[in-house]
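Notes follow once the structure below has been shown.
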Amino acid sequence: MENHRKLWQRQNAMRALSKRMIALVITMSLVAPQAFALSPENNGEIANWYALGNQYLRQKNYSEAITAADKILVQEPSNVLGYELLIKAFLELHNLPALVLAIRTAQQHGLRNLSLYKMLARSLFTVGGFAPALDALVNIEEMMEERSVGNTLANKGNSP
Amino acid sequence: MIQPPPAFDANRLSLWRFIAGAFIVFSLGYILFFGTAAKASGSWKYIIHQIDEYGYWAYSKGASETPNSEGNPFYYEAMGTRQTVPYTTATLIGWAAKLLGVSVLFFFPVFHIGMPLLNWLVLFLCLYKIWGYPLRPSAVISGILLLSLLFLRGVTYDIVLRYSRPGDGIWALIVWISYAMNGKPKTSLTKALLGFSVLACIWINPFLAVAGAAITFFEFLWQALVSRNRARVYDLGILLGITVLSSLLYIGFIWMNMNQNIWALTYVKNAMNNYMNYIEWPSLALYAIILIMALVHQKFSKSQTTKLDRLVIFLFVLEPLFGNIQILLSSNLQFGPKRYYFTLLEMACLVAWFIEKISSWLHSDKLRKKEFWIVGGVILIEIWILTNNWFNPFRYGFIEEREYVMENNSRLLLTLCPSIALVVWAYLRIPLIGMIFRNRFFIILTILAMTLSGFGGIARYFYPPGAAHHPFPFDQAYQWLNKNASRNEVVLTVPPSELRIDFLPLYTNLKTYINPLGDTLSGGPKYPENHLRFNFYYHLLIASLDGYKLPGATTLKEKLTCLKLDYILIKIPSPFLSNITRQLGDHIREVYRDPHALIFKVQ
């Protein structure tokens, strides 16, 4: 019974985090990215939150690390550093639904960062196995295809 | 007027006409739905539309192999493992394919046309022969109920479209319940059919069998304690005995195979640890409404409890039970979401029950006086439901924006009740509507329209018209592999986009190096072998295999040989091609090339 209670508490904590993630997605959908044309101050603020988030991760204070990611993503919804923090925190919490939600939100915001998806693929495998990791691998394939098509076109443009 | 000859049986002729009509309907549905899939993949061979269906066909393929490998048909290292919980239809089709020497997908059209046809035929014949409803309404209502599953929210269309569960066991449950509620079968053939149906239902889909067992048990109690009908108690006792024996046989089989499948063991363990504690209100509301309606009807009409009353009360008790089972077991174990397996049967019960109740209300002067208010209220509720996206039980224009989500079945049925009640009331109350509903051409047109829009609509959901076509690249490569590779050699299919539904194990006698379902069946990331597979594949794709040390394998040769790998299959052009050739160098040799695919032999 004690185990059940602990599990329940842990799940409640996870649900709370997932809810926060959903709230974050909604906020990001509502807020137009153009409203946050990045100024140098914003860049500095993002760097500060990122450093703070990493510090929280090292201290195993995942809830605060997610808050730091929130702060970054509200300012810039397709910021790779924000997603990196989120993914690391959810990975540590073994929260597969939140990880999957993170990848979908990143896709919705047109985030095409190869190194982020590489990290996601490994994280998703560790938490949920090959089936969820395959989603990230398909994204990697699409990005690499786009890149190779771009290279081919560039080569054609350069050729006499 | 010319009289028909004495041997002429008009009903029998109608029966064959209906069967022919239903065959045409489901064949047309097959062509519409899978034709769209064939158009998207460029071939009728590659038309599996979703991952669960793919898994069941793979189990069939595993069952057709020697040794039987239905436990994990994907991996060479897992050859010979069986399923702990049997997928009987998949296994039987695998054995049939082995016996006939054909591919398991030979049975693809047979199942997808035959399964809904069988369910329709059994529902129709049970309504007509066992429940005693007229022939034509039984046939038409059975068909409309089956087709209407394509129009509901959630995944009820799986009952018509998916191999093999849940459609494969529904016919057996219908026979079982019909006999349990209507008394013992009269001939030896029907007795044998009943016994076989109970056994088949338990073995094909034990989840469905819970409904059969519960209804038989509750009816047994009713006959023993309320009706005190000794003959019925005796018959139902025998039926319960058959149920218990079949269940023991099934449980014994599972017990003997417990060590066979890592997935089954880890699934139950994880599910039990996934602690849940919530009350599901829609199921309680649905059952409360059904009980209130039954009691109010009895009070006003002062009538006896009919067998339909009992059936509805016994069947629908499973809704709150399965919806709230987490309170008893601490985990839902998928009982709640999978209640949609019963939707067809529950809708059939509701239609019959509303016909019985509304026709008796229409004969009661007391209720006729309140008809305006009752019907007016139901119409208002219906308008509210249909205009509210959260409650509307029907798909929005056939294309759902949402993903593959199992709806709350109780909420779906709750929101369907007013539609069913209004249609039944209009049919019985308004002569013009009754006349239109009885018109043969109207019925034919309705069924045709439902077939075209239902199957066509679902096809548009899976294969949106504007989406880019994705021709399957490996058809010729599979033919080459079938000619040149030895049985059970291992192929790594490179493109991740072709791995979700990898047709290789279905169209060749080879094994896959990595597969999402194979990974789940072999225990997922908790098992070191799966880490080896994933890391080899992942680092090969992203060109970091040299720098990554696999456990127990440091050199490239060791990495290639720690798990069996014979061929690498890649589509061309591919962004991964240069990564693979650069990393594997002399260890691979190109052995096949066509305009779409390339095969390397690993040496």
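Below, the figures for the structure above:
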| item | result |
| --- | --- |
| DSSP bridge orientation in the protein assembly as shown - percent antiparallel, rounded to nearest 5 | 70 |
| Distance in nm between pseudo-label sites at B:S453 and B:N484 (7 Å out along the Cβ direction from Cα) | 5.3 |
| Sparse-neighbour loop sites [chymotrypsin sites (Phe, Trp or Tyr not before Pro); the range B:355-454; at most 10 other C-beta within 10 Å; DSSP] | B:W390 |
| Proxy reagent accessibility, fewest Cβ within 10 Å first, across B:Y478, B:Y341 | B:Y478, B:Y341 |
| Point-to-point label distance, B:F441-B:F391, nm (Cα→Cβ direction, 7 Å offset) | 3.9 |
| Kirkwood Rh and Cα Rg combined as Rg/Rh, the protein assembly as shown | 1.00 |
| Amide H contacts under 5 Å for B:I588, placed H, 5+ residues apart | B:Q603 |
| Global form of the range B:475-602, assessed from the alpha-carbon gyration tensor, a/c cut-off 1.5 | oblate |
| Chain B - share of DSSP beta bridges that are antiparallel (%, nearest 5) | 70 |
| Karplus-derived HN-Hα couplings along the range B:146-156 (A = 6.51, B = -1.76, C = 1.60, θ = phi - 60°), whole Hz, x at Gly and Pro | 5, 5, 5, 4, 6, 9, 8, 5, x, 10, 4 |
| Value of [θ]222 nm, deg cm²/dmol, for chain B, DSSP H segments ≥ 4, -39500 (n - 2.57) each, nearest 500 | -19500 deg cm²/dmol |
| Acute angle (nearest 10 degrees) that the helix B:206-222 long axis makes with the longest principal axis of chain B, alpha-carbon atoms | 20 |
| Long-range HN-HN contacts of B:A597 with modeled amide H, under 5 Å | B:I572 |
| Computed FRET value (nearest 0.05) for B:K601 with B:L28, which takes r as the C-beta separation and R₀ as 45 Å | 0.50 |
| Principal axis dimensions, the range B:281-429 - Cα atoms, whole angstrom, descending | 48, 37, 21 |
| Extension gain, B:V591 back to B:L367 (0.36 nm per residue minus Cα-Cα distance, nm) | 72.5 nm |
| Trypsin sites (Lys or Arg not before Pro) restricted to the range B:521-603 and DSSP loop, no more than 16 other C-beta within 10 Å | B:K549, B:K564 |
| Residues B:H363, B:H112, B:H596, sorted so that the one with the fewest Cβ neighbours within 10 Å comes first | B:H363, B:H596, B:H112 |
| Exposure proxy ranking, count of Cβ atoms within 10 Å, fewest first, for B:D594, B:D502 | B:D594, B:D502 |
| Convex hull volume of chain B per residue (C-alpha atoms, cubic angstrom) | 194 |
| Under Karplus coefficients 6.51, -1.76 and 1.60, residue-wise ³J(HN,Hα) of the range B:337-348 in Hz, glycine/proline x | x, 7, 5, 5, 4, 8, 4, 4, 5, 5, 5, 4 |
| Distance between the range B:276-295 and the range B:182-201 - C-alpha centres, whole angstrom | 33 |
| Exposed-site-free run, longest, chain B (rule: GluC sites (Glu not before Pro); DSSP loop; at most 13 other C-beta within 10 Å) | B:1-400 |
| Neighbouring partner chain Cβ atoms per residue of A:132-143, average, 10 Å criterion | 5 |
| Simple label model, 7 Å out from Cα along Cβ direction - B:A224 to B:V423, nm | 3.9 |
| Cβ neighbours within 10 Å from other chains - mean over B:572-583 | 2 |
| Hz values of 3J(HN,Hα) by residue in the range B:510-527 - Karplus curve (6.51, -1.76, 1.60), Gly and Pro given as x | 10, 10, 9, 6, 9, 7, x, 6, x, 5, 4, 5, 9, x, x, x, 6, 9 |
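None of the figures in this text is laboratory data; all of them are computed from the coordinates on show. Since we're looking at a predicted model, the values are computed, not measured. FYI the Cβ positions are ideal-geometry reconstructions off the backbone, even for glycines, and counts take in every protein chain you see.
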